[in-house]
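Only one structure is covered here, and it is reproduced in the block below.
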Amino acid sequence: DSQLRSDVRNDNSPLQIFVKAKKRINDIFVDIEKYVEETVEFMTSLQNDRNIVTVEEAIKVKAYIDKIRAIKDVLKRDHMKVAFFGRTSNGKSTVINAMLHDKILPSGIGHTTNCFLQVEGSDNGESYLITEGSTEKQPVQSVGQLGHALCKEKLCESHLVRIFWPKEKCLLLRDDVVFVDSPGVDVTPNLDEWIDKHCLDADVFVLVANAESTIMVTEKNFFHKVSTKLSKPNIFILNNRWDASASEPEYFDQLVKEQKEVRAQHQERAVDFLSRELKVYSPKDAEERVFFISAKETLQARMQEQRGQPAHNGALAEGFQNRYFEFQDFEKKFEECISKSAVKTKFEQHSQRGKHIAMKIRQALDEILERTQKMRSEQLNIKKELHDKLNFTEQQLMLLTQEMKDKIHHMVEDVEQKVSKALNE
Ligand code: GTP
Ligand code: MG
């Protein structure tokens with residue numbers, strides 16, 4: 001049990017790759033925003049000063065502030081999205097509940113989930129839902145209430161209901177993972193609409209298959225369609241209800257042997273589907289994407305633990321421990337995969353845009369610098385011309401004065417001569 005309890009993870013979770021990258025890129029945009037604001041201020045001051053910058057130029061740079069703020073807004077809403085698909089009753093909703101450590105989504109026999117349900121974290125401990133096309137927050141306290149709220153709405157199967165659940169209640173929600181639950185792929189004629197509406201921005205897909213049968217054509221078709229619209233989607237295959245395999249045969253030895261055979265068969269088919277049919281993984285990598293689990297047992301165990309009780313009361317089916325570990329192993333691989341994939345698809349775009357804006361601002365500043373340098377050298381030329389002119393005038397003046405002096409001197413001499421001559425006479 002102490003080992004089971006260790007599943008309360010800490011901040012070494014692979015999801016932190018995404019969380020940290022998001023913080024980092026947000027900080028960078030805060031810096032870029034400051035830098036552009038300063039540039040605008042500087043340009044406005046130059047505009048008033050001798051028209052070095054034109055009004056149009058200042059407006060163009062100012063527009064980048066709005067662009068940066070828009071990117072920051074998108075960034076705030078960026079998350080990691082995982083979507084679950086599979087036939088009705090395979091246990092999609094139960095798998096999500098097990099990952100959330102709580103019964104949040106309605107589950108049950110028969111066709112339970114009627115439309116797309118998205119579970120995401122809410123701040124301030126609030127739990128509520130918002131139906132498509134509405135902005136009204138409908139408070140939900142319990143699963144029963146949620147089921148009721150979902151029934152009373154007339155919902156189309158491709159509609160989306162967003163369920164907001166307190167972030168503090170689950171590490172995955174806190175770390176920006178968003179879960180999408182779907183109705184069974186066997187109950188819809190609208191697979192294309194589903195994909196266009198709900199799948200194009202998903203980082204990871206989970207096929208919840210039933211270990212009691214093999215993967216069905218409807219399930220395969222769905223993923224064939226997905227992989228025509230998305231290049232190399234990340235897909236995990238969960239063979240759920242693996243506990244059922246433990247309750248059939250009467251003799252233990254026979255059970256172990258049969259389980260091994262069934263497992264090998266499912267594994268081979270799943271790997272073949274991912275590698276040879278969909279071509280999304282090599283056969284070796286595909287091996288790492290197939291798991292045999294029991295969502296029902298895991299959910300039960302986790303709810304027991306939440307209440308401070310041991311994970312199981314001893315009355316569980318043979319092999320519970322292994323199935324529980326395999327579920328945890330799936331979660332670990334899933335977290336690594338979704339975190340890396342989301343960083344790449346979501347932040348690569350933002351960082352390209354950030355680089356582009358920084359480059360444009362630099363260009364604008366370079367142009368201004370060039371212009372002022374030109375103005376300066378022009379002024380220097382003017383000064384030089386003036387200087388030359390002055391020199392010339394000065395020389396002229398000097399010559400002139402010298403001439404005058406000489407003239408005056410001669411005149412004076414002449415006058416003196418004349419005066420003394422007159423005196424002598
Ligand atoms: P829809 O919403 O109708 O498409 O079904 P779903 O795929 O969401 O299945 P859901 O989670 O509602 O589970 C269907 C039934 O199977 C419920 O009664 C679950 O308790 C049960 N179930 C789910 N997972 C397991 C499992 O691992 N083992 C067993 N024995 N039962 C399970
Ligand atoms: Mg369901």
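The values are calculated or read from the model by the stated rules, or taken from the named source; none is laboratory data. These numbers come from a predicted model, not from an experiment. A quick note on method: Cβ atoms are made from the backbone with ideal geometry, for glycine too, and the neighbour counts reach across all protein chains shown. All accessible areas refer to the heavy atoms of the entire protein, side chains included, with ligands and DNA or RNA removed. Shrake-Rupley method; radii C 1.70, N 1.55, O 1.52, S 1.80 Å.
Details
- Selected residue [part of a helix (DSSP H, G or I) and more than 20 Å from the chain's Cα centre (by Cα)] from S339, S377: S377
- Condition broken by L160, with the remaining ones in (1) among the aliphatic types (A, V, I, L, M); (2) within 22 Å of the chain's Cα centre (by Cα); (3) buried (at least 19 other Cβ atoms within 10 Å of the Cβ) satisfied: (3)
- Members of the range 198-243 that are without any contact (Cβ under 8 Å) to a residue 40 or more places away in the chain, among the aliphatic types (A, V, I, L, M) and within 29 Å of K260 (Cα to Cα): V217
- Within the range 102-128, residues that are more than 14 Å from V161 (Cα to Cα) reach partners that are among the β-branched types (V, I, T) and within 8 Å of ligand 1 (Cβ to nearest atom) with beta carbons closer than 7 Å, at six or more positions or on different chains, in the pairs S107/T94; H111/T88; H111/V187.
- Residue match in the range 88-100 (condition: open to solvent by 10 Å² or more (accessible area, probe 1.4 Å), more than 16 Å from ligand 1 (Cβ to nearest atom) and in contact with a helix residue (DSSP H, G or I) (Cβ under 6 Å, 6 or more places away or on another chain)): no
- Within the range 252-278, considering residues that are at pLDDT 95 or above and among the charged types (D, E, K, R), the one surrounded by the fewest Cβ atoms within 10 Å (Cβ to Cβ): R276
- Any hit, the range 103-125, residues being open to solvent by 60 Å² or more (accessible area, probe 1.4 Å), polar (S, T, N, Q) and more than 16 Å from ligand 2 (Cβ to nearest atom): yes
- Residue satisfying all of: in the range 185-197; among the aliphatic types (A, V, I, L, M) and within 16 Å of ligand 1 (Cβ to nearest atom); modelled with the highest pLDDT among these: V185
- Taking residues in the range 281-302 that are within 13 Å of D329 (Cβ to Cβ) and away from ligand 2 (no atom under 16 Å from the Cβ), and partners anywhere that are assigned to a loop (DSSP other than H, G, I, E, B) and at pLDDT below 95, the pairs with Cβ atoms closer than 7 Å and at least 6 places apart or on different chains are F292/A211.
- Against the test of being away from ligand 2 (no atom under 16 Å from the Cβ) and open to solvent by 80 Å² or more (accessible area, probe 1.4 Å), the options K34, K81, K72, K22 yield a single qualifying residue, K34.
- Residue in the range 343-363 that is among the aromatic types (F, W, Y), part of a helix (DSSP H, G or I), out of contact with any helix residue (DSSP H, G or I) (no Cβ under 8 Å at 6 or more places or on another chain) and within 30 Å of L238 (Cα to Cα) present: no
- Residue satisfying condition, being assigned to a strand (DSSP E or B), more than 16 Å from ligand 1 (Cβ to nearest atom) and either at pLDDT 90 or above or of a type in the set (D, E) (or both), within set K67, K72, K81: K81
- When each of A244, A209 is tested for being surrounded by fewer than 22 Cβ atoms within 10 Å (Cβ to Cβ), within 22 Å of F327 (Cα to Cα) and within 16 Å of ligand 1 (Cβ to nearest atom), the lone residue that passes is A244.
- Looking across K332, K374, one residue alone is open to solvent by 90 Å² or more (accessible area, probe 1.4 Å) and free of Cβ contacts under 8 Å to residues at least 40 places away in the same chain. It is K374.
- Put simply, of G125, G86, G108 the only residue that is under 22 Å from V185 (Cα atoms) and touching a strand residue (DSSP E or B) at 6+ places or on another chain (Cβ under 7 Å) is G86.
- Residue check for V177: within 16 Å of ligand 2 (Cβ to nearest atom) and open to solvent by less than 30 Å² (accessible area, probe 1.4 Å): no
- Here is the figure for the range 219-232: residues that are closer than 11 Å to F205 by Cβ and open to solvent by 10 Å² or more (accessible area, probe 1.4 Å) total 2.
- Of the listed requirements (1) within 15 Å of ligand 1 (Cβ to nearest atom); (2) more than 24 Å from E126 (Cα to Cα), L200 misses just one: (1).
- The range 126-157: number of residues that are over 26 Å from F330 (Cβ atoms), in contact with a Leu (Cβ under 8 Å, 6 or more places away or on another chain) and open to solvent by 30 Å² or more (accessible area, probe 1.4 Å): 2
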